[in-house]
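The values are calculated or read from the model by the stated rules, or taken from the named source; none is laboratory data. Keep in mind that this is a model prediction, so the values were computed, not measured. Using ideal geometry, Cβ is built from the backbone for each residue, glycine included, and neighbour counts are taken over all protein chains shown. Calculation scope for accessible area: heavy atoms of the full protein, side chains included, ligands and nucleic acids excluded. Shrake-Rupley method; radii C 1.70, N 1.55, O 1.52, S 1.80 Å.
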Amino acid sequence: MKHLSAVATDVIQSCARKLDTSVEKLVEEFEGKWKLEAEISGYSRKFVEFCASKTLPEECKNVEEKISDGSFSRFTFDTMLAWEIPSSENEESRMECEGKTREDGKMIPKVAQEEDDIPLFYSDVMPLLINDEPSVGEDAFVWLAALVPFAADVVNGRFTFETLTAPTGNRLFFPAYDKFLKEISKCIKHLQKQTKPKGVELADDEYILHVEGTASSQRVVRHTGGTSWPGRLTLTNYALYFEASGAITYDDALKIDLSKDIEHTVKPTATGPWGAPLFDKAIIYESPELSEGIVLEFPEMTSSTRRDHWLALAKEVMLMHQFLSKYKVKCPIQSWEMHARTILGIIRLHAAREMLRISPPAPTKFLIFALFDELPKGDYVLEELAESLKKVNSGHPCSASSVLRSLNMFVQPLVSSIEVTQTDKECKSDQDNIHSLESAINQAREEAKDVEIAKATAEELKEEGISESVTVLIELLRPLKTVVPWFQEVISWERPHTTIRMIVATLIIVYKEWFGKAIAAFLLWIVSKMLQARLGRVHDKYNEIVVHTGSDQKTTVESIVAAQFGLRTAYELMQASNIAILKIWSIMCSKARKHADMTMVAMSVSAIIFALIPLKYIIMAITLYYFLMTSKLGKYIGNEQGNRRLKEWWDSIPVIPVHIEDKAPQRLT
């Protein structure tokens, strides 16, 4: 015991008391099983893990009372501290760092500038949730989540910890941790008091997870066509239930089944009078079984926080059932364990929102499936989760389903006593099953940071106005101004050597049918240009692209005239497009009979040519003809009358008149 830190010694002694044994017996049992592995990975920390894995199952029994009196919070927090500072050497090193920090007068790190838009947990109650006691870090928090999925789940524990500790330098203090656990317990009690939806019978394993639209909560409105109905909305781990408000009581509930294995979606939408998308505060559920989507609005004065919250919860339930279906989780024990972990994630989110009502945290940070549905490589994490789910002991006192049962969330156990007996014999920690899962999570987490940085740069460009966007587009397309004239020079024989090489290369590629090789050569040419740019360190010159909006040559009046001319050109182009489409329509429906006859004859001859002559010879002939006609010889022997007759023929095609009526078209019934 001499090599252990003071906090680790206290935790191990507490473990011995809770297990009704002595420290010496714990040491003897530990060294008999884990001595060799402990010498490799660190004796002190391994001993703390061993004692915690034996004690926590006992602590998870009657956990509701222990959370109320604070004993569960105190023990688990001290256990995290002991895991983080297991040996006296770690303790001395930490004390030196803390002393140096006090001498330098350093304060708790502030949130980085790029994290300003991230909701900060504890922002309004932070002064009350920090004390002078030691704090714990991310690794210790995730380690405890792997043993007891109460404060967090091991899958999204790191994301949850980042949100909880954003304004405190990524350190978790005991008052904040204790309040968070008590809020979780309070949310569970609140959900147990909720009334079941009217006119429906919930399944045995179906539990209410969120309710709004009651007299004591904010409104929920369902939009159907031109009518709107306020009512009560209830979320369970299987469905959404909407009960329209009646004169005295609620009508029978409309069930929106989120568990079906069909192509259904829940996404944000906007509502408003006469169907105008003015208020972006609603969700729409769409399914192939419904003729039109179900729109539910969550009115609030400013933001769309409520809508985003409900959207995340509905997607979480839907994605959970899709996960169970995709990975064929047929075992009821494994399936219910995943239900329990999802339910706990939603309850944690409720607790976080109760603690911070001014600036609620991002919902996905506390959910599993909604989070990894958005993250890059999130599908890899879900694959590892499906594998680890097969090894979870659902009957273990520290499993998610057992924790919820201890909190009286379930009326009766869903795991048989035989299964509990069998799983109780397995005392190994789930740590052995999460190494590959942790690797996938860390990879997704690192790539998510890179994606967030890239999206931040793109969002800055999206915030610019129309005029700025047009200016940027013109500036980015400026290199094409040199490419287009070069092609025009080649086609018009102003560069005869290049033109001849292009003709020969085109004819050879078409004749030999080397289209694949030509594409390969083009791609390799691009690669060579990229390597040339890298060796020339071109990337150092493009840290920022400067776009100049001013002009030294044009006055204000000239700029207005140029803008008007551009608008007129766009208008004329639109008119010409409409006329061309209407002329083609006249030919297709034989409104211009003579022109239609000529078109059908020409198309029939073309069809015979394409049927009898191989396509490569036709392409070669068209290429030779085009380059010949753009050369001096072609201009000399060219027949201008042919082009003139073709233009006259096109101009003589009558256009079907268009009549515009200011009313909706009549639909055939």
(request) Please give the number of the condition residue 260 fails out of (1) open to solvent by 30 Å² or more (accessible area, probe 1.4 Å); (2) touching a Ser or Thr at 6+ places or on another chain (Cβ under 6 Å). (result) (2)
(message) Yes or no: the range 302-318 includes at least one residue that is in the same structural domain as residue 383 (by the TED database), surrounded by fewer than 20 Cβ atoms within 10 Å (Cβ to Cβ) and more than 19 Å from residue 266 (Cβ to Cβ).
(response) yes
(message) Checking residue 296 against (1) modelled with pLDDT of 90 or more; (2) of a type in the set (A, V, I, L, M, F, W, C); (3) open to solvent by 20 Å² or more (accessible area, probe 1.4 Å); (4) over 21 Å from residue 338 (Cα atoms): exactly one of these is not met. Which one?
(response) (3)
(message) With the structure loaded, tell me whether residue 228 is in contact with a strand residue (DSSP E or B) (Cβ under 8 Å, 6 or more places away or on another chain), part of a loop (DSSP other than H, G, I, E, B) and hydroxyl-bearing (Ser, Thr, Tyr) or whether it fails that test.
(response) no
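Restricting to the range 156-194, count the residues that are among the β-branched types (Val, Ile, Thr) and in contact with an Asp or Glu (Cβ under 9 Å, 6 or more places away or on another chain).
Total satisfying the criteria: 3.
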(request) Could you tell me whether the range 532-545 includes any residue that is closer than 18 Å to residue 623 by Cβ and either modelled with pLDDT of 75 or more or surrounded by fewer than 11 Cβ atoms within 10 Å (Cβ to Cβ) (or both)? (result) no
(request) Test residue 205 against the criterion of being open to solvent by 60 Å² or more (accessible area, probe 1.4 Å) and either assigned to a loop (DSSP other than H, G, I, E, B) or of a type in the set (A, V, I, L, M, F, W, C) (or both), and give yes or no. (result) no
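Taking the range 233-283 as the region of interest, how many residues are hydrophobic (A, V, I, L, M, F, W, C) and over 24 Å from the mean Cα position of the chain (by Cα)? Write out each step before concluding.
Going through the range 233-283, the residues hydrophobic (A, V, I, L, M, F, W, C) turn out to be 233, 235, 239-240, 242, 244, 247-248, 253-254, 256, 258, 262, 266, 270, 274, 276, 278-279, 282-283.
Checking the rest, the ones that are also over 24 Å from the mean Cα position of the chain (by Cα) come to 233, 242, 244, 247-248, 253-254, 274, 276, 278.
Residues flagged as hydrophobic (A, V, I, L, M, F, W, C) and over 24 Å from the mean Cα position of the chain (by Cα) within the range 233-283 amount to 10.
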(request) Report, by residue number, each residue of the range 41-57 that is touching a residue at least 40 places away in the same chain (Cβ under 8 Å), assigned to a helix (DSSP H, G or I) and open to solvent by 10 Å² or more (accessible area, probe 1.4 Å). (result) 43, 44, 45, 49, 53, 54, 57
(message) Within the range 486-508, take every residue that is within 48 Å of the chain's Cα centre (by Cα) and open to solvent by 50 Å² or more (accessible area, probe 1.4 Å) and give me the one that is farthest from residue 618 (Cα to Cα).
(response) 486
(message) On the basis of being within 30 Å of residue 302 (Cβ to Cβ) and assigned to a strand (DSSP E or B), does residue 215 make the cut?
(response) no
(request) Could you list all residues from the range 585-605 that are in contact (Cβ under 8 Å) with a residue 60 or more places away in the chain and charged (D, E, K, R)? (result) 591
(request) Give the range 2-21 a look and list any residue that's in a helix (DSSP H, G or I) and surrounded by 14 or more Cβ atoms within 10 Å (Cβ to Cβ), or say none. (result) 7, 8, 9, 10, 11, 12, 13, 14, 15, 16, 18
(message) Anything in the range 589-626 that is open to solvent by 80 Å² or more (accessible area, probe 1.4 Å) and not in a helix (DSSP H, G or I)? List them, or say none.
(response) 591
(request) Answer yes or no: is there a residue in the range 644-664 that is loosely packed, with under 11 Cβ neighbours inside 10 Å, basic (Lys, Arg) and modelled with pLDDT under 65. (result) no
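Can you find a residue that is among the acidic types (Asp, Glu) and under 24 Å from residue 206 (Cβ atoms) anywhere in the range 278-294? Give the steps one after another, and end with the answer.
Taking the range 278-294 and keeping what is among the acidic types (Asp, Glu), we get 280, 286, 289, 292.
Applying the additional criterion that residues be under 24 Å from residue 206 (Cβ atoms) yields 286, 289.
Scanning the range 278-294, I find at least one residue that is among the acidic types (Asp, Glu) and under 24 Å from residue 206 (Cβ atoms), so the answer is yes.
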(message) Among the residues in the range 341-351, are any farther than 13 Å from residue 151 by Cα, in the same structural domain as residue 304 (by the TED database) and among the basic types (Lys, Arg)?
(response) no
(message) Exactly one condition in (1) touching a helix residue (DSSP H, G or I) at 6+ places or on another chain (Cβ under 8 Å); (2) open to solvent by less than 10 Å² (accessible area, probe 1.4 Å); (3) not small (Gly, Ala, Ser) is false for residue 356; which is it?
(response) (1)
(request) Report yes if residue 341 is within 25 Å of residue 189 (Cβ to Cβ), open to solvent by 10 Å² or more (accessible area, probe 1.4 Å), out of contact with any Leu (no Cβ under 7 Å at 6 or more places or on another chain) and not acidic (Asp, Glu), otherwise no. (result) yes
